[in-house]
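Visitor: This is the structure, below, for whatever I ask next.
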Amino acid sequence: MNPSSIDLTAFNTFGFAVSASQYVPVRSARELQNYFKAAPDAPCFVLGGGSNLVLTRDIDVTVLHMLAQGFAVYEESDSHVLVGVQAGHVWHDFVMSCLNNGWLGLENLALIPGSVGASPVQNIGAYGVEVKDCISKIKAWDRLHHKWAWLAAADCAFGYRDSVFKHQFLDDARTQPRYVISKVFFKLLKDPALWQAKIGYGDVAACVAQIAGDAVVTAQHIAQAIIQIRSSKLPDPQVLGNAGSFFKNPIVAAQVAQKLKAQYSTMPMYPQADGTVKIAAGWLIEQAGFKGLREGAVGVYDKQALVLVHYGQGSGLELMAFAQRICAKVFEQFGVQIAPEPIVY
Ligand code: EPU
């Protein structure tokens with residue numbers, strides 16, 4: 001490691017020990033603008049909470065660490081509120097602040113690791129809600145036109161764990177994203193009479209019923225239930241390195257799903273609005289025999305096969321090689337291609 005380099009172990013939730021040769025903490029939109037005005041064409045690496053990231057090598061371009069905190073109300077009516085949140089704000093802290101302020105809509109997304117600025121990139125989602133459902137607009141630095149850009153939610157091409165931010169790059173190697181998100185604006189509900197609890201997913205309803213008892217179900221009850229469910233199924237990155245779901249649930253054509261269902265009647269499937277079918281990758285990986293399996297410093301979490309874990313002293317390369325073996329085995333057994341969710345550097 002050269003003397004000016006910085007250790008990134010604490011800045012990626014897998015806890016891989018890599019370093020960055022140049023590191024710039026970004027604490028405000030003004031700092032971001034100043035950086036890009038001074039170095040408009042320099043390659044960089046935008047780091048958020050580091051919770052959806054596999055670092056396989058030292059980073060040889062400037063790391064911009066998005067650390068701007070805080071949120072403010074921009075518009076308010078009797079029924080809704082428009083809140084702008086800085087990219088570096090911790091996602092879960094914002095969800096909790098929403099609950100404290102009586103702003104409704106994000107409660108199902110409690111305890112998701114990472115930062116607010118990263119949330120639209122992969123359109124984070126859990127328990128029947130995706131962040132796109134509440135995003136109004138986004139302020140981002142446009143590295144192509146060297147100025148601030150405002151993207152309405154409709155311009156973001158949100159899909160399952162997908163958005164425009166995963167597709168627009170300045171270079172052919174796709175290492176230099178065009179947009180660097182600075183602020184995310186959420187339109188949230190204020191009037192509880194207009195709010196509907198979303199408890200249709202998995203065991204959420206049962207858990208909420210247990211928490212709420214005879215009381216009318218509130219967003220607080222839902223958040224509490226989600227926190228309970230997530231804590232029981234997903235490892236805490238402070239304790240065991242991980243990046244949440246490592247694989248996306250694959251989406252297949254209806255005919256493919258039909259054939260698979262005929263062969264494997266218990267395979268969990270979720271029909272999509274466009275006629276395609278989403279399959280539970282966790283089930284495929286478990287059936288392929290990987291759940292709880294450890295290989296060297298990495299492994300598959302024993303309570304949720306979608307999650308890969310790092311026990312320490314391992315590397316991102318080791319993890320990616322392991323992930324490739326899982327993909328190959330799942331493909332061999334089921335003919336279904338699964339793919340990683342995190343960004344790999
Ligand atoms: N399953 C297994 N074995 C496993 C894991 C799951 O058989 O080891 C089966 C379950 O029994 C269930 C189905 O797979 O029938 C779905 O499992 P679960 O409800 O746990 O959800 P998931 O599809 O595994 C997705 C998201 C999670 C999100 C949950 C809840 C993706 C890639 N993952 O997981 O998101 O919390 O739904 O909504 O879409 C994340 O992205 O980091 C993440 C944790």
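Visitor: Quick check, is Gly289 over 23 Å from the mean Cα position of the chain (by Cα) and assigned to a loop (DSSP other than H, G, I, E, B)?
Guide: yes
Visitor: Counting only residues that are within 8 Å of the ligand (Cβ to nearest atom) and open to solvent by 30 Å² or more (accessible area, probe 1.4 Å), which one in the range 246-269 is nearest to Thr13 (Cα to Cα)?
Guide: Selected residue: Lys248.
Visitor: Another question, then. I'd like to verify a number: residues in the range 262-275 that are in contact (Cβ under 8 Å) with a residue 40 or more places away in the chain and assigned to a helix (DSSP H, G or I), how many?
Guide: 0
Visitor: Then there is this: Please specify each residue of the range 170-197 satisfying the condition of being within 20 Å of the chain's Cα centre (by Cα) and either in a loop (DSSP other than H, G, I, E, B) or of a type in the set (Phe, Trp, Tyr) (or both).
Guide: Arg174, Thr175, Gln176, Arg178, Tyr179, Phe185, Phe186
Visitor: Take the range 213-245 and flag every residue that is more than 14 Å from the ligand (Cβ to nearest atom), farther than 23 Å from Ala281 by Cβ and open to solvent by 10 Å² or more (accessible area, probe 1.4 Å).
Guide: Gly213, Asp214, Ala215, Val216, Val217, Thr218, Gln220, His221, Gln224, Gln238, Val239
Visitor: Only one of these is free of Cβ contacts under 8 Å to residues at least 40 places away in the same chain and not assigned by TED's automatic domain parsing to the domain that holds Gln122: Lys248, Lys303, Lys278, Lys259. Name it.
Guide: After applying the criteria, what remains is Lys259.
Visitor: Just the residues that are open to solvent by less than 10 Å² (accessible area, probe 1.4 Å) and in a loop (DSSP other than H, G, I, E, B), please, taken from the range 113-142.
Guide: Ser119, Pro120, Asn123
Visitor: State whether one or more residues within the range 154-166 are in contact with a His (Cβ under 7 Å, 6 or more places away or on another chain), open to solvent by 40 Å² or more (accessible area, probe 1.4 Å) and in contact (Cβ under 8 Å) with a residue 60 or more places away in the chain.
Guide: no
Visitor: Further question on the same structure: Answer yes or no as to whether Gln238 is farther than 18 Å from Pro340 by Cα and either in the same structural domain as Gly128 (by TED's automatic domain parsing) or outside any helix (DSSP H, G or I) (or both).
Guide: yes
Visitor: So which of Ala72, Ala110, Ala68 ends up being out of contact with any Phe, Trp or Tyr (no Cβ under 8 Å at 6 or more places or on another chain), more than 18 Å from Phe165 (Cα to Cα) and within 14 Å of the ligand (Cβ to nearest atom)?
Guide: Criteria check complete, one pass: Ala110.
Visitor: Name the single residue, out of those in the range 270-307 being among the basic types (Lys, Arg) and closer than 26 Å to Gly15 by Cβ, that is farthest from the ligand (Cβ to nearest atom). It would help to see each step written out before you state the result.
Guide: To start, the set of residues in the range 270-307 that are among the basic types (Lys, Arg) comprises 278, 291, 294, 303.
Imposing the further condition that a residue be closer than 26 Å to Gly15 by Cβ reduces the set to 291, 294, 303.
On the way: Lys291: 5, Arg294: 15, Lys303: 7 Å.
Here the answer is Arg294.
Visitor: Collect the residues in the range 143-169 that are of a type in the set (Lys, Arg) and either under 22 Å from His89 (Cβ atoms) or outside any strand (DSSP E or B) (or both), keeping them in residue-number order. Even if it seems obvious, please write down each step before you answer.
Guide: Let us first name the residues in the range 143-169 that are of a type in the set (Lys, Arg), namely 143, 147, 161, 166.
The answer is Arg143, Arg161, Lys166.
The values are calculated or read from the model by the stated rules, or taken from the named source; none is laboratory data. Keep in mind the model is a prediction, meaning the values are calculated, not measured. All Cβ positions, glycine included, derive from the backbone under ideal geometry; neighbour counts span all protein chains shown. When the accessible area is computed, the model is the full protein with side chains, heavy atoms only, and any ligands, DNA or RNA have been set aside. Shrake-Rupley method; radii C 1.70, N 1.55, O 1.52, S 1.80 Å.
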